[in-house]
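The values are calculated or read from the model by the stated rules, or taken from the named source; none is laboratory data. What you are looking at is a predicted structure, and each value in this text was computed from that prediction instead of being measured. Here Cβ is always computed from backbone atoms with ideal geometry, including for glycine, and neighbour counts include all displayed protein chains. Accessible surface areas use protein heavy atoms only, side chains included; no ligands, DNA or RNA. Shrake-Rupley method; radii C 1.70, N 1.55, O 1.52, S 1.80 Å.
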Amino acid sequence: MSVSSATPEAWVVRKRTQEDDTEAIAALIAEAFTDLERRSSGQDLRNIAVCRAVVAEHPLHHCLLACGNGSELIAGVNFAVGGDTFPVWGIGPLALRPNLRGHGLGGRLLREAVATARSLGATSVRLCVDAHNIDAFSLYTRSGFVVREPLLVMERPAAASTAATTAGTAAAGVCAFSASTDVLQCAAVTEAAAGFQHCLCESWERMVQLSHDCPLVTAVDDHGAVTGVLCVSISGYAACADEATCRRMFDVAVAAAQGTLPLSMCVPTRYDGLVRWLIQQHHFVVRKVMLLLSLGEWAPWPGVYFPSIDGI
């Protein structure tokens with residue numbers, strides 16, 4: 001059987017196990033996105049280190065692999081992002097070997113990921129797609145996904161000047177994630193801003209992992225109650241009640257990075273004032289435009305909310 005001519009039924013879609021080679025999966029993602037990302041730049045999925053992080057941060061049973069029937073070849077990978085009983089799940093990245101595109105395998109991996117999310121209680125499934133990726137966009141819309149929001153992938157390069165941000169370390173009412181942070185309050189604030197329970201706040205261990213990977217800060221009021229959460233990473237998110245709180249959190253996160261870490265966020269275009277402020281105050285640049293799509297239930301965000309690259 002020629003792998004380039006195989007039908008979707010010729011492949012076995014299964015969940016990742018401990019025996020699967022993480023490096024091989026990361027390399028597949030990097031290979032798949034190298035061509036797709038040629039018109040983009042920044043911290044994207046051509047970067048093998050970013051791909052390793054994507055694979056590592058997903059639970060084994062939320063990673064789906066398409067493998068050759070009777071062989072060890074991994075033809076494609078997709079991720080379902082969420083937690084048991086959580087109503088809103090994300091999907092992606094969906095990656096296929098370049099010579100296996102156009103044969104329906106991507107659609108099969110997408111259907112399996114949606115089925116996984118729904119079997120665990122999802123009533124809404126969301127994802128992000130590059131605006132220029134017409135093939136992927138067509139696949140998602142044919143599968144029933146609806147465009148909800150344009151997003152700007154904004155990045156602050158590690159070498160960007162910190163001169164305008166040194167005051168951020170003293171921003172009122174903002175602190176780095178620590179042992180004293182109330183994770184339940186973080187979850188409540190995120191739900192109030194996004195309109196749904198977020199799996200990134202599902203456990204103390206998950207929040208600790210996030211704080212190790214990138215700047216994670218919270219805003220608190222005069223009584224110490226959490227009023228905002230910001231995880232400055234392409235896989236992170238922001239949630240708070242108003243834009244002023246969001247700006248204070250960015251001040252602290254940028255200062256915490258100390259010019260040594262690239263910072264990335266997906267910023268909805270509706271927050272045009274924040275976009276201008278991030279460019280002018282903190283030297284963020286727009287790397288590319290993405291679209292947020294959803295399948296199933298949908299409601300506008302009640303507060304200020306920046307979704308992750310997974311769509312949630």
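Of all residues in segment 179-196, which are under 14 Å from SER308 (Cβ atoms) and in a helix (DSSP H, G or I)? Lay out the reasoning, then the answer.
Narrowing segment 179-196 to residues under 14 Å from SER308 (Cβ atoms): 190, 193-194, 196.
Correct list: THR190, ALA193, ALA194.
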key: Enumeration of residues in segment 115-135 that are among the aliphatic types (A, V, I, L, M), open to solvent by 20 Å² or more (accessible area, probe 1.4 Å) and under 17 Å from ALA32 (Cβ atoms)   = ILE134
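Name the one entry in PRO300, PRO215, PRO307 that is surrounded by fewer than 21 Cβ atoms within 10 Å (Cβ to Cβ) and either at pLDDT below 95 or within 23 Å of ARG126 (Cα to Cα) (or both). Write out each step before concluding.
Working: PRO215 fails: surrounded by fewer than 21 Cβ atoms within 10 Å (Cβ to Cβ); PRO307 fails: surrounded by fewer than 21 Cβ atoms within 10 Å (Cβ to Cβ).
Exactly one of PRO300, PRO215, PRO307 is surrounded by fewer than 21 Cβ atoms within 10 Å (Cβ to Cβ) and either at pLDDT below 95 or within 23 Å of ARG126 (Cα to Cα) (or both), namely PRO300.
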message = Pairs needed: first member in segment 195-210, farther than 15 Å from SER235 by Cα and at pLDDT below 80; second member anywhere, hydrophobic (A, V, I, L, M, F, W, C) and part of a helix (DSSP H, G or I); C-beta distance under 7 Å; at least 6 residues apart or different chains.
response = TRP204/VAL183
task = From THR116, THR85, grab the single residue that is touching a Leu at 6+ places or on another chain (Cβ under 8 Å), within 25 Å of GLN197 (Cα to Cα) and at pLDDT below 90.
result = THR85
ask   = Quick one: is ARG148 over 23 Å from ALA239 (Cα atoms), modelled with pLDDT of 85 or more and either in contact with a Cys (Cβ under 6 Å, 6 or more places away or on another chain) or open to solvent by 50 Å² or more (accessible area, probe 1.4 Å) (or both)?
value = no
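Residue-by-condition table, conditions (1) under 30 Å from GLY121 (Cα atoms); (2) in contact with a Gly (Cβ under 7 Å, 6 or more places away or on another chain); (3) part of a strand (DSSP E or B):
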site: GLY228; (1), (2), (3): yes, no, yes
site: ASP251; (1), (2), (3): no, yes, no
site: VAL267; (1), (2), (3): yes, no, yes
site: LEU274; (1), (2), (3): no, no, no
site: GLN281; (1), (2), (3): no, no, no
site: ARG287; (1), (2), (3): no, yes, yes
site: LEU291; (1), (2), (3): yes, no, yes
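Looking at segment 197-212, which of the residues that are part of a loop (DSSP other than H, G, I, E, B) and open to solvent by 10 Å² or more (accessible area, probe 1.4 Å) is farthest from TRP89 (Cα to Cα)?
Restricting attention to segment 197-212, the residues satisfying the condition of being part of a loop (DSSP other than H, G, I, E, B) are 197-198, 202-203.
When the remaining residues are screened for being open to solvent by 10 Å² or more (accessible area, probe 1.4 Å), the result is 197, 202-203.
Details: GLN197: 10, GLU202: 13, SER203: 16 Å.
Applying the filter and picking the extreme gives SER203.
Just the residues that are under 28 Å from THR190 (Cβ atoms) and in contact (Cβ under 8 Å) with a residue 40 or more places away in the chain, please, taken from segment 96-114.
The initial filter retains those residues of segment 96-114 that are under 28 Å from THR190 (Cβ atoms), namely 110, 112-114.
GLU112, ALA113, VAL114, listed by residue number.
Which residues, counting only those in segment 234-244, are open to solvent by 10 Å² or more (accessible area, probe 1.4 Å) and either free of Cβ contacts under 8 Å to residues at least 40 places away in the same chain or in a strand (DSSP E or B) (or both)? So that I can check it myself, show each step before the final result.
Quick first cut of segment 234-244, residues open to solvent by 10 Å² or more (accessible area, probe 1.4 Å) only: 234-235, 241-244.
The answer is ALA244, and nothing else.
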